[in-house]
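The values are calculated or read from the model by the stated rules, or taken from the named source; none is laboratory data. Keep in mind that this is a model prediction, so the values were computed, not measured. Positions of Cβ are backbone-derived with ideal geometry, glycine not excepted, and every protein chain shown enters the neighbour counts. Accessible surface is based on the protein model in full, side chains and every heavy atom, while ligands, DNA and RNA are left aside. Shrake-Rupley method; radii C 1.70, N 1.55, O 1.52, S 1.80 Å.
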Amino acid sequence: TDFSKKVWDEETNSYVTNSSASIGDIINFKIKFDATNYDGEKQIKYYTIADTKGDALWVEFNSVEVWVKGVKLNRGYYHGIAGDHNTGEWKYFGTWTEGEKANADNAQWYMIHRGFDAFDIVIPWMDDYHFEGTTNDFSLTYGENAKSIYPSPAEVVVKYNASVEPGATIGGTQSNNLWNTADLSWTSDTTNGPDEPSTTTTTVYALGLEKIDADTDVHLAGAVFEVYRDEACTEPVYVIPTNIKGVYMVDSKGTPSETVSGSAMLDARELYAAYLDEYLGTNEQDNYVVSQVNGKLAILGLAEGTYYLKEVEAPAGYNALSLPIELKAGEG
């Protein structure tokens, strides 16, 4: 079985295994495999995708889509644990009539939440099925004359989004907490699947700057820079000061709130609310950073790429740089 899990990369306009993102960004995941109706001589009853993630990803459960042979399955059914993601009640994905909602067996796929960082997507592959679900488990049973629903083979695609939280590990792979793994299985009389799950990794980076007098090697405090994504300095990168002087975090404000299904998503604006209020003053958002007594500053939570720091206020006795400083995150 050709089984893969990928993440959409805006830079290459394609799905890749490893990608980069900023804190607050939405990551688009895609799982794909070719499903068949039989495992040897045994008829396959349902497919299960077990998804597990690192703790710096917040899955947007209301973004899940399931497609079979190019057709979107419009009726999904979901149950999550009480507390972190919802109230523990059953919810309906897609398009259901009131009559269809009277029977969970009308769902075309199910999502079972197995804890804060794990969930299953279950796709029935035979008709005449009966679904029983509990808080974090399920069973599917079938009538004697149940038959396969879909043609064989059939490409299955599952899509969903996740957002990057402020707790994301900066750089590296050993302790990266932005990984996401999907494990495929199919159930006939027994449950089987590929030997290896499919895993993606997303990386966030940091930038650092040290302001020094080139003639005296004195470290200069009080240099104010504005942060931009482009050399013309028209696309600001908004930041939040953390509880460490001179260390800033990418501002997650601007993430489309309507795509976020969980009320407990860790938000940088809430995490550093006290520092943010003082930093912003009467401004709604801002993008300036200031060098400290050691001449240093750092910006955490950036996607790979080139950034520009424009000096708008020089330390006392100095002139501001005439051109922006070009810095690269995650390159070279």
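Hey, does region 129-152 have a residue that's of a type in the set (Ser, Thr, Tyr), open to solvent by 20 Å² or more (accessible area, probe 1.4 Å) and touching a Leu at 6+ places or on another chain (Cβ under 8 Å)?
Applying the first criterion (of a type in the set (Ser, Thr, Tyr)) to region 129-152 yields 129, 134-135, 139, 141-142, 148, 150, 152.
Applying the additional criterion that residues be open to solvent by 20 Å² or more (accessible area, probe 1.4 Å) yields 129, 134-135, 139, 141-142, 148, 150, 152.
Going one step further and asking which of them are touching a Leu at 6+ places or on another chain (Cβ under 8 Å), we end up with 129.
Yes, region 129-152 contains a residue that is of a type in the set (Ser, Thr, Tyr), open to solvent by 20 Å² or more (accessible area, probe 1.4 Å) and touching a Leu at 6+ places or on another chain (Cβ under 8 Å).
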Does ASP213 satisfy being open to solvent by 20 Å² or more (accessible area, probe 1.4 Å) and either modelled with pLDDT of 95 or more or touching a Leu at 6+ places or on another chain (Cβ under 8 Å) (or both)?
-> yes
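When the residues of region 41-66 are narrowed to those that are among the aromatic types (Phe, Trp, Tyr) and under 27 Å from THR190 (Cβ atoms), which ends up farthest from the chain's Cα centre (by Cα)?
If we filter region 41-66 for residues that are among the aromatic types (Phe, Trp, Tyr), which is where we start, we get 46-47, 58, 61.
Applying the additional criterion that residues be under 27 Å from THR190 (Cβ atoms) yields 46-47.
Numbers: TYR46: 27, TYR47: 24 Å.
Restricting to residues being among the aromatic types (Phe, Trp, Tyr) and under 27 Å from THR190 (Cβ atoms), the top hit is TYR46.
Each row is one residue, and each column tells you yes or no for (1) under 30 Å from PHE116 (Cβ atoms); (2) modelled with pLDDT under 95; (3) surrounded by fewer than 17 Cβ atoms within 10 Å (Cβ to Cβ).
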| site | (1), (2), (3) |
| --- | --- |
| TYR272 | yes, yes, no |
| GLY281 | no, yes, yes |
| ASP286 | no, yes, no |
| SER291 | no, no, no |
| GLY295 | no, no, no |
| ILE299 | yes, no, no |
| GLU313 | no, no, yes |
Looking at (1) closer than 15 Å to VAL64 by Cβ; (2) polar (S, T, N, Q); (3) at pLDDT 95 or above, which is the only condition SER148 fails?
-> (1)
Out of all the residues in region 103-125, is one or more surrounded by fewer than 13 Cβ atoms within 10 Å (Cβ to Cβ) and either among the polar types (S, T, N, Q) or modelled with pLDDT of 90 or more (or both)?
-> yes
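From the list LYS6, LYS45, which one is surrounded by fewer than 21 Cβ atoms within 10 Å (Cβ to Cβ) and over 24 Å from GLU304 (Cα atoms)?
Values: LYS6 fails: over 24 Å from GLU304 (Cα atoms).
Within the list LYS6, LYS45, the selection yields LYS45.
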Sole miss for ASP128 among (1) on the phi > 0 side of the Ramachandran plot; (2) in contact (Cβ under 8 Å) with a residue 40 or more places away in the chain; (3) of a type in the set (D, E, K, R) is condition (2)
By residue number, the members of region 126-139 that are modelled with pLDDT of 85 or more and either β-branched (Val, Ile, Thr) or within 20 Å of TRP67 (Cβ to Cβ) (or both) are MET126, ASP127, TYR129
Quickly run through region 106-157 and pick out the residues that are part of a loop (DSSP other than H, G, I, E, B), β-branched (Val, Ile, Thr) and within 20 Å of LYS32 (Cα to Cα).
-> ILE149
Is it the case that some residue within region 50-72 is touching an Asp or Glu at 6+ places or on another chain (Cβ under 8 Å), hydroxyl-bearing (Ser, Thr, Tyr) and assigned to a strand (DSSP E or B)?
-> yes
Right, VAL250: modelled with pLDDT of 90 or more, open to solvent by less than 30 Å² (accessible area, probe 1.4 Å) and over 27 Å from SER4 (Cβ atoms) or not?
-> yes
Has region 76-96 got any residue that is open to solvent by 50 Å² or more (accessible area, probe 1.4 Å), within 16 Å of the chain's Cα centre (by Cα) and at pLDDT below 95?
-> no
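Per-residue answers, yes or no, for (1) more than 19 Å from TYR308 (Cβ to Cβ); (2) free of Cβ contacts under 8 Å to residues at least 60 places away in the same chain:
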{"position": "LEU184", "(1), (2)": "yes, no"}
{"position": "SER188", "(1), (2)": "yes, no"}
{"position": "ALA206", "(1), (2)": "no, no"}
{"position": "TYR228", "(1), (2)": "no, no"}
{"position": "GLU231", "(1), (2)": "no, no"}
{"position": "THR234", "(1), (2)": "no, yes"}
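Out of all the residues in region 195-207, which are out of contact with any Ser or Thr (no Cβ under 6 Å at 6 or more places or on another chain) and either surrounded by 13 or more Cβ atoms within 10 Å (Cβ to Cβ) or modelled with pLDDT of 95 or more (or both)?
In the first step, residues of region 195-207 are kept if they are out of contact with any Ser or Thr (no Cβ under 6 Å at 6 or more places or on another chain); the result is 195-196, 201, 204-207.
Once the filter is applied, which keeps residues that are out of contact with any Ser or Thr (no Cβ under 6 Å at 6 or more places or on another chain) and either surrounded by 13 or more Cβ atoms within 10 Å (Cβ to Cβ) or modelled with pLDDT of 95 or more (or both), region 195-207 yields THR201, VAL204, TYR205, ALA206, LEU207.
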